[in-house]
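Single-structure report; data block below.
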Amino acid sequence: MKQVRVSLLHTMTEQIRHLNTAWDVDRTIVLENEKKQDQQKLLLLRFSKHGRDRSKEAAMASQNNGQQPQQDMQMYQHFLETQDIDEKLVKVIPVVRKYCQVYAVDTSKVTEFDALYEFNDVDEPFALMFFWANKQVKVDVGTGNNNKINFSQITEEHLLDVIRKSYKVGNDGKGIVSIGHINYANALRGRGV
């Protein structure tokens, strides 16, 4: 049963464009900045080492019938959380495609941003980051970390709201968006953060 889910999710995440090198990531951010103001789009980058290329490893970890070490369980949980956010991204892409480009970056292959954006946290399955005009748009959702969203408990409606407000804030030349009606501080409590 779990293998079928992994295969289905693998197909769904193929709809998200992938940036495979640090040069691709940098170039995507810079090129978006070079467009005319009325043609610029918000960039949403999903960084994770638990994405589509890890589906086989995650499936194997899940099939050890409770005998897997803690690390395998955590890897499988992170894989599921990453797939959950990818499913939500795939669903919102058609709605936001006129003003937001969504990309995925595999941090097990593209390691150049690990130190800069603090992707070395073992409790963090993925990170959603927003960029406008070659600058990061910070998002305050009540977790205390305004640099990235790193939990999958966000709903599709709230994700759409975050994307819309990030676009507006970026377009207005501001650097941080506060999503006052959403507080996800409890989403991170289970991770010991």
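Yes/no matrix, rows are residues, columns are (1) touching a strand residue (DSSP E or B) at 6+ places or on another chain (Cβ under 9 Å); (2) closer than 22 Å to residue 41 by Cβ:
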residue: 117; (1), (2): yes, yes
residue: 130; (1), (2): yes, yes
residue: 134; (1), (2): no, yes
residue: 141; (1), (2): yes, yes
residue: 146; (1), (2): yes, yes
residue: 153; (1), (2): no, no
Count - residues of the range 70-123 that are over 16 Å from residue 152 (Cβ atoms) and among the acidic types (Asp, Glu): 5
Some residue of the range 28-38 being modelled with pLDDT of 85 or more, surrounded by 12 or more Cβ atoms within 10 Å (Cβ to Cβ) and touching a Phe, Trp or Tyr at 6+ places or on another chain (Cβ under 8 Å): yes
Mind telling me which of the residues 98, 88 ends up being under 22 Å from residue 17 (Cβ atoms) and assigned to a loop (DSSP other than H, G, I, E, B)? 98
Condition broken by residue 99, with the remaining ones in (1) crowded, with 18+ Cβ neighbours inside 10 Å; (2) modelled with pLDDT of 90 or more satisfied: (1)
The range 115-143, subset charged (D, E, K, R) and either within 14 Å of the chain's Cα centre (by Cα) or within 22 Å of residue 49 (Cα to Cα) (or both), residue most open to solvent (accessible area, probe 1.4 Å): 118
Among the residues of the range 152-167, count how many are in contact with a Leu (Cβ under 8 Å, 6 or more places away or on another chain) and either of a type in the set (A, V, I, L, M) or surrounded by fewer than 19 Cβ atoms within 10 Å (Cβ to Cβ) (or both). 2
What single numbered condition from (1) modelled with pLDDT under 90; (2) of a type in the set (Gly, Ala, Ser); (3) open to solvent by less than 10 Å² (accessible area, probe 1.4 Å) fails to hold for residue 178? (3)
Cβ-Cβ under 6 Å, sequence separation 6+ or interchain: first residue in the range 108-135 and in contact (Cβ under 8 Å) with a residue 12 or more places away in the chain and assigned to a loop (DSSP other than H, G, I, E, B), partner open to solvent by 10 Å² or more (accessible area, probe 1.4 Å) and among the acidic types (Asp, Glu). Which pairs? 125/81
Can we say residue 187 is under 26 Å from residue 34 (Cα atoms), at pLDDT below 90 and surrounded by 13 or more Cβ atoms within 10 Å (Cβ to Cβ)? no
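The values are calculated or read from the model by the stated rules, or taken from the named source; none is laboratory data. Only a predicted model underlies this, so the values are computations on that prediction, with no experimental measurement involved. Every residue, glycine as well, gets a Cβ built from its backbone with ideal geometry; the counts of neighbours run over all protein chains shown. These area figures cover heavy atoms from the full protein model, side chains too; ligands, DNA and RNA do not enter into them. Shrake-Rupley method; radii C 1.70, N 1.55, O 1.52, S 1.80 Å.
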